[in-house]
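Inspection log for the structure reproduced underneath, given as structure tokens.
The values are calculated or read from the model by the stated rules, or taken from the named source; none is laboratory data. Please read these numbers as outputs of a predicted model, since none were measured by experiment. Glycine gets a Cβ as well: all are built from the backbone with ideal geometry, and neighbour counts include every protein chain shown.
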């Protein structure tokens, strides 16, 4: 045993030293700037390509940008651990939902108001800029956007329903609960997905810029009743929906229509012919369903040693040329509005459908208080769907809980 | 009495006394500087606030630049005035030498981005202050240290027609701080007094009394005597320092009052002329009640006194440790057991650094009200004492009223604790039970393909539990889950697993037992190898039956390895985060949360870091009590063959 | 005698049934993982049930079997990213953790078992207590120590340190318990023969404690092998990530590539199985044929 241990140690030490050496070697004399992202697959390949292009563009300046992929699950923790301690990236990419929190916590994000010229911001739709703005201050440039839309199985559904009445009619015809077939499937008990109906009804989660919880409003209750009708009376939805269940159902041809975002496309199996359309108009209201849109932003970290160069970099990443690569090769929905006039984008029905959905989508608020909302809202939605509490009681409970937590945060000032 | 003993004891007394004295000075120096800085800052804030008010009331015809020059001329301690209009990032007035020849307004140069950002932040704070919630200071200040000339930079907002327009930056020269330098003599005098006192006590041969009247050892009495002397002297020092602190404080308050008076006398307006850092109007001078101000200053004094208390306590402990001979005994013990300590030391060292530092951090955090919003404030401003603990342990609202119904409040600590205990006990019982049975079966050489069974049975441990936990969750799905399919196969109704507290509890339990029994099996297999076959032979000859063999040979022999495994697995299960999070997610309605998932939610979803830390400390205390108790009962640490 | 023989046989059969039953229970969820991994798609197929399903139909629905076999998920996992390199990193980190952790733990455990010294009970408790503070809030302080103070960002050593510290307490307690069962007389006679303390430890105690060392080695290895969050926070070079970090790339905010994740999990668990195959010979030592009846 002792001998074996000895060999093992020797081998391992040799390996370690070899690898550490190789890393030391890799570091050149150029100054390295780091950009963090959470991409994989073709998105990652496309992103690395545009970073390489930028490095060629600034060759001779004595610095270069290096991308680092970080798994989504660890991303926010890694940012919160590294940047306030002077480590971490120069630039990073993240959706706007954490923006408020990082700003309130401080020492994380650099405001870019000072660098950004109004002319440069014209390349983005206003709703995307608003996602990057907190307390009237701009903290990042929008890179791309995502939101759920209607994805349907072409074999089962001929043309996309335009109204919810149509949708339910189609869905009812395709539902056979005993066989485990459903006309419609989406994560209706997840507040994020419920937002599509909520926003159409004019509902909200917060008032006064995130300072007051507004769960029990007439609008919110109406939106819940509307959703419950689909589930309880029309019976077109499966029980206990989760993203993996919805993918399974859709891939097996057992869910004809799903509400989901571009993130789902990679999971759809190759045998399924699908098409995408904007979510339908709610017949009772005459208003379209309006899902929450999440916007990925390019942020400059407080710990960056060269913020001006970082700004130049993120400006480059939102240019039309880069947007085209990211849209075409990375399958993203670029924030640069001009790129959508390009032929390649126009000829991409998937992208154009999401673009169409953007018109009705509502930018998800970026208040720091948003993180307080998810857990109580999920509890409330589950209670409502399971029928263990009335919508009003469940939402009231959630509102009380959120208000208490807001107060606890406010008190600490 | 041994002369040498006294000598070394006196020496250590002198050393510790000096150390304590230096610690006092160092600690109080900090407080003195803070007092000085605060009063200087207050003065600068008042000055800047009054100027910003003037700026806001300026008529359209007046030039901002003239006003700035005028203001600078009036206040000799103002080095520079800069006025930034936020829209367009324009400097509208500046008395800075380099700026004087430029034509106003001009765009802020690129290298001054921080100024712009700060103005932006002030705007955000100003807007929030208007709503009346989330109070952030709207006047920011910062010390500029240019080669010992103390300059203070203050930035305050100014408005036009009640609307936030821009900021005014003042660079204020502060009054230098009077230095104190009489401490060496103080130290010497006090030390001599202390030594004299001690000498007197020794001389009087008080030591002899104890043998007749008190049943205490020499060392204890000595350390008592030394401690009392030390305490007396320490209190003397503290008293003196506190007096000095109070004197400086009242000087500072006078200076501030004087400044306010000057500003008021120069104005005919009836409006308040100054605002505090948070944008609240300070009361006018004639109604300015000093006690209010004194109160805020008093917290400084309390901080100082608390510091002294900690120092004295720490020094006392050290003193008792040395004087009573504990130090010598420790040294002796180390010498005698050098080898044992060397064996233990490396592992212990890693433990101390990597576990107990974070632990200490957590404990400190738990005494504050730190949340995401005030993380960057200094510790003393966040300190709230035991409030978090009182709120956790004192929350007996097990039921709550909602919409006319009374329901169990699942967020309550005691409910969660109850679930956690059920969770831990059931998990450990099942995992150990299954592990034991399997290990015993697999230790039987008559079973064929034992290697195969052993390998297959550790698979649940080997595969990343993230995916298997999700597979289990899928198996419990109401419509498509395998388990309900089986139930239907036998003609029963499907169960809504995540719908009720008990069934949802079972989902987590099943998953975790499935994940946990392989580890127990391996541990017990290892433990079984220590039992020699001879013992069973002997038992059989004595006519012991199977159960007796198990009870009198197997179990006792397994105890040394099994008990630690059980204790640790109780600890791990108590803090098992993944399974709950991934499988039942606390459903229904958070009823199946355990303490650790609750702490996680509080910390990472509600962003109340300190409260979550207090939760963790409570978890720790519960486990500590359990660990000590279990250790007492099973006596594992003391067992030896 | 004959009767006894019969009960022996019945008991043996019961044992077989129990062991086989447990094996099936252990394997069943794993078969789902396997069938997802080998399905070549990202989602589990849901078997079609007829309108009025018979028990047989339902049974068919609950047997994990992919509709079509494909190695595509495995190929993609291994080629899309530098998964091989990450596996190697994991092996290095977990390997050093094992060696380092078991070595430190066995020396400490030996001292706790054989020496009587002041602070012994306290020391044992300290190891236990270190496991009691919930880890979720330790992230930032650990980052401060490892990256801020020790400057061990992007270093295997940083991870090894942290993993060893999580593994050592169990190892110390387990080994101490096992050492306790080794009779002191063996050492005493060795001392008589003039053996030094080190010789006694390495040549007598360690070989005798092989079963316990095997268990602790497996445990230490697992502590480093499957850990995800610290590895992804301390490592800021893609080529230094460990396998669990690589696996987590397949889990996104709203969607996850479960097929890839399952395939990756199967790959990741293979080395553990091999390690156990190697170590298990120490778990059957000391037993002679004829067996011990428990």
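Things to note:
Residue-wise test of (1) more than 28 Å from the chain's Cα centre (by Cα); (2) modelled with pLDDT under 90; (3) buried (at least 18 other Cβ atoms within 10 Å of the Cβ); (4) within 8 Å of another protein chain (Cβ to nearest Cβ).
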position	(1), (2), (3), (4)
B:407	yes, yes, no, no
B:414	no, no, no, no
B:422	yes, no, no, no
B:427	yes, no, yes, no
B:430	yes, no, yes, no
B:436	yes, no, yes, no
B:451	yes, yes, no, yes
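- Among the criteria (1) at the interface with another protein chain (Cβ under 8 Å from one of its Cβ atoms); (2) within 20 Å of the chain's Cα centre (by Cα), the one residue C:134 does not fulfil is (2).
- Leading residue by the ranking (surrounded by the most Cβ atoms within 10 Å (Cβ to Cβ)) among those in the stretch C:274-294 that are facing another protein chain (nearest Cβ under 7 Å) and modelled with pLDDT of 50 or more: C:283
- Residue in the stretch A:362-370 that is closer than 22 Å to residue A:133 by Cβ and part of a helix (DSSP H, G or I) present: yes
- Checklist (1) away from chain B (no Cβ under 14 Å); (2) out of contact with any strand residue (DSSP E or B) (no Cβ under 6 Å at 6 or more places or on another chain); (3) surrounded by fewer than 20 Cβ atoms within 10 Å (Cβ to Cβ) applied to residue A:178, failing item: (1)
- Filter result for the condition that a residue is assigned to a helix (DSSP H, G or I), at negative phi and modelled with pLDDT of 80 or more, over B:239, B:211: B:239
- The residues listed here are B:625, B:636; of these, the one that is at pLDDT below 90, closer than 30 Å to residue C:113 by Cα and out of contact with any strand residue (DSSP E or B) (no Cβ under 9 Å at 6 or more places or on another chain) is B:636.
- None of C:186, C:233, C:168 is over 30 Å from residue C:70 (Cα atoms) and either in contact with a strand residue (DSSP E or B) (Cβ under 8 Å, 6 or more places away or on another chain) or surrounded by fewer than 19 Cβ atoms within 10 Å (Cβ to Cβ) (or both) except C:186.
- Any hit, the stretch A:97-115, residues being within 10 Å of chain C (Cβ to nearest Cβ), buried (at least 17 other Cβ atoms within 10 Å of the Cβ) and more than 22 Å from residue A:324 (Cα to Cα): yes
- Of all residues in the stretch C:242-273, those satisfying the criterion of being in contact with a strand residue (DSSP E or B) (Cβ under 9 Å, 6 or more places away or on another chain) and either closer than 19 Å to residue C:219 by Cα or more than 7 Å from chain A (Cβ to nearest Cβ) (or both) are C:250, C:261.
- Residues satisfying the stated conditions in the stretch A:299-314, i.e. touching a strand residue (DSSP E or B) at 6+ places or on another chain (Cβ under 7 Å) and assigned to a helix (DSSP H, G or I): A:307, A:309, A:310, A:311, A:313, A:314
- There is at least one residue in the stretch A:153-171 that is under 21 Å from residue C:254 (Cβ atoms) and either in the same structural domain as residue A:358 (by TED's automatic domain parsing) or in contact with a helix residue (DSSP H, G or I) (Cβ under 9 Å, 6 or more places away or on another chain) (or both).
- Of the residues making up the stretch B:520-534, those that are within 9 Å of chain C (Cβ to nearest Cβ) and assigned to a helix (DSSP H, G or I) are B:522, B:523, B:525, B:526, B:527, B:528, B:533.
- Filter result for the condition that a residue is surrounded by fewer than 19 Cβ atoms within 10 Å (Cβ to Cβ) and closer than 20 Å to residue B:507 by Cβ, over B:626, B:581, B:600: B:581
- Matching residues, the stretch B:443-454, being assigned to a helix (DSSP H, G or I) and either out of contact with any helix residue (DSSP H, G or I) (no Cβ under 6 Å at 6 or more places or on another chain) or under 12 Å from residue C:16 (Cα atoms) (or both): B:450, B:451, B:452, B:453
- Against the test of being away from chain C (no Cβ under 14 Å) and modelled with pLDDT of 90 or more, the options A:260, A:195, A:213, A:189 yield a single qualifying residue, A:189.
- Residue count, the stretch B:331-340 (criterion: closer than 11 Å to residue C:123 by Cβ and more than 7 Å from chain C (Cβ to nearest Cβ)): 0
- Evaluated against (1) part of a strand (DSSP E or B); (2) within 27 Å of residue A:299 (Cβ to Cβ); (3) not assigned by TED's automatic domain parsing to the domain that holds residue A:310, residue A:183 falls short on exactly one condition, (2).
- Take the conditions (1) more than 10 Å from chain C (Cβ to nearest Cβ); (2) within 26 Å of the chain's Cα centre (by Cα); (3) assigned to a helix (DSSP H, G or I); (4) at pLDDT below 90; residue B:604 misses just one of them, which is (1).
- Test: residue in the stretch A:274-282 that is part of a loop (DSSP other than H, G, I, E, B), at pLDDT 90 or above and over 14 Å from residue A:184 (Cβ atoms): yes
- The residue that is modelled with the lowest pLDDT, among those in the stretch B:368-383 that are in contact with a strand residue (DSSP E or B) (Cβ under 6 Å, 6 or more places away or on another chain) and more than 8 Å from chain A (Cβ to nearest Cβ), is B:383.
- Those residues of the stretch C:96-126 which are more than 7 Å from chain B (Cβ to nearest Cβ), part of a helix (DSSP H, G or I) and either within 22 Å of the chain's Cα centre (by Cα) or at positive phi (or both), in sequence order: C:96, C:97, C:98, C:99, C:100, C:101, C:102, C:103, C:106, C:109
- Residue within the stretch B:110-128 that is surrounded by 16 or more Cβ atoms within 10 Å (Cβ to Cβ) and over 39 Å from the mean Cα position of the chain (by Cα) present: no
- Subset tally (residues that are within 8 Å of another protein chain (Cβ to nearest Cβ), in a helix (DSSP H, G or I) and either under 15 Å from the mean Cα position of the chain (by Cα) or surrounded by 21 or more Cβ atoms within 10 Å (Cβ to Cβ) (or both)) for the stretch A:85-96: 0
- Test: residue in the stretch A:96-114 that is more than 25 Å from residue A:364 (Cβ to Cβ), in contact with a helix residue (DSSP H, G or I) (Cβ under 7 Å, 6 or more places away or on another chain) and assigned by TED's automatic domain parsing to the domain that holds residue A:326: yes
- Among the candidates B:234, B:227, B:223, residue that is surrounded by 13 or more Cβ atoms within 10 Å (Cβ to Cβ), at pLDDT 60 or above and within 30 Å of residue B:379 (Cα to Cα): B:234
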